[in-house]
Amino acid sequence: MNRKLLVAGNWKMHGSLTFVREMMADFNTMLPVGINYDVAVFPVYIHLYEVINKKPEQVMCGAQNLSEYDDGAVTGEVSGGMLSDLGCDMVLVGHSERRIKNNEDNTEVAKKFAQALKYGLQPILCVGESAVQRQSEQTFTAVWAQIQAVIDEVGIEKLGRGIIAYEPVWAIGTGETATSEQAQEVHQFIRSQLALNDDTIARRIRILYGGSCKGSNAYELFSMPDVDGGLIGGASLTAQDFMAICQQADILSQGV
Ligand code: PEP
């Protein structure tokens, strides 16, 4: 099954209105129309509106988080309904920085995944093991527990409407990239486990790799059979670096 590559830029808590305007101007100049792969960016909440209004049509926009609640007395949170209303297409759930710094556990992440779907946003479920878990050979167990929690909450059919991003925590923002073989091993594991639930969904769902991905390693990573693009942090913060990754996706998407 041919899965369209996705190059997604997570800008984290970076940028300013000037940064957003310059990035969107560069995207409009540098990103050709009619590309055969998907591109998305994830700015902070307060920059979403600017991105949505200035982005090229072929670029999707998403938030980095959403509330597990519909509305109410939850100061400082933003709901799925509000993001949808603004024009967002997607949302990240369970990024490791939120799991670690905001104590988001698997149950909360699963509720957020459900909220995203409820409001028509495509969730990107971020999963990944810590360095300690990898060293103690707990990678598969840790990653699968994160995915199983979402299946328990929404079921396999709804999981299949989202995207999974495998992001080994030890590779995020460290400059230490998983080798393409290490990435493929985990992606293949995820797909084979999903196939035990539903073979069609397992073959259809996109699984991105994230963790120090850049222009120089994107081709090797994205050419792995079970890697369907990347979630990019640091290298999404300049148009040149991000487009260097998009170019690799473009090469791999020729003739697809
Ligand atoms: C991320 O935070 O999702 C990420 C992959 O970051 P980086 O590319 O900087 O490792």
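Every number in this text was worked out from the coordinates using simple rules, so none of it is lab data. Because the structure is predicted, anything quoted here is derived from the model rather than measured. With ideal geometry, Cβ positions are generated from the backbone for all residues, glycine too; neighbour counts draw on all protein chains shown.
Data for the structure
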read-out	value
Label point distance in nm, residue 195-residue 157, each placed 7 Å from Cα along Cα→Cβ	2.3
CD proxy at 222 nm, helix term only [per DSSP H run n ≥ 4: -39500 (n - 2.57); per residue of the chain; nearest 500]	-14000 deg cm²/dmol
Dipole of the chain [Lys/Arg +1, Asp/Glu -1 at C-beta], most positive-end residue of 249, 135, 178	249
Along the chain, longest interval not containing exposed GluC sites (Glu not before Pro), exposed being DSSP loop plus at most 13 other Cβ atoms within 10 Å	177-256
Relative contact order for the stretch 6-253, counting Cα pairs under 8 Å that sit 6 or more residues apart, in percent	19
In Å, descending, principal axis extents of the Cα set of the chain	47, 44, 33
Spin-label model distance (nm) - residue 3 vs residue 181, 7 Å beyond Cα toward Cβ	2.2
Most positive-pole-ward Cα, 29, 53, 91, against dipole of the stretch 1-91 from beta carbon charges	29
Span from the the stretch 112-126 Cα centroid across to the the stretch 152-184 one, whole angstrom	16
Between the stretch 1-80 and the stretch 217-256, the alpha-carbon center distance in angstrom	17
Electrostatic dipole magnitude of the stretch 157-241 [Cβ: Lys, Arg +1; Asp, Glu -1; Cα centre; debye, to 20]	280
GNM flexibility winner over the chain from 84, 67, 216 (Cα, springs under 10 Å)	216
Size of electric dipole in the stretch 6-253: Cβ of Lys, Arg +1 and of Asp, Glu -1, about Cα centre, debye, nearest 20	220
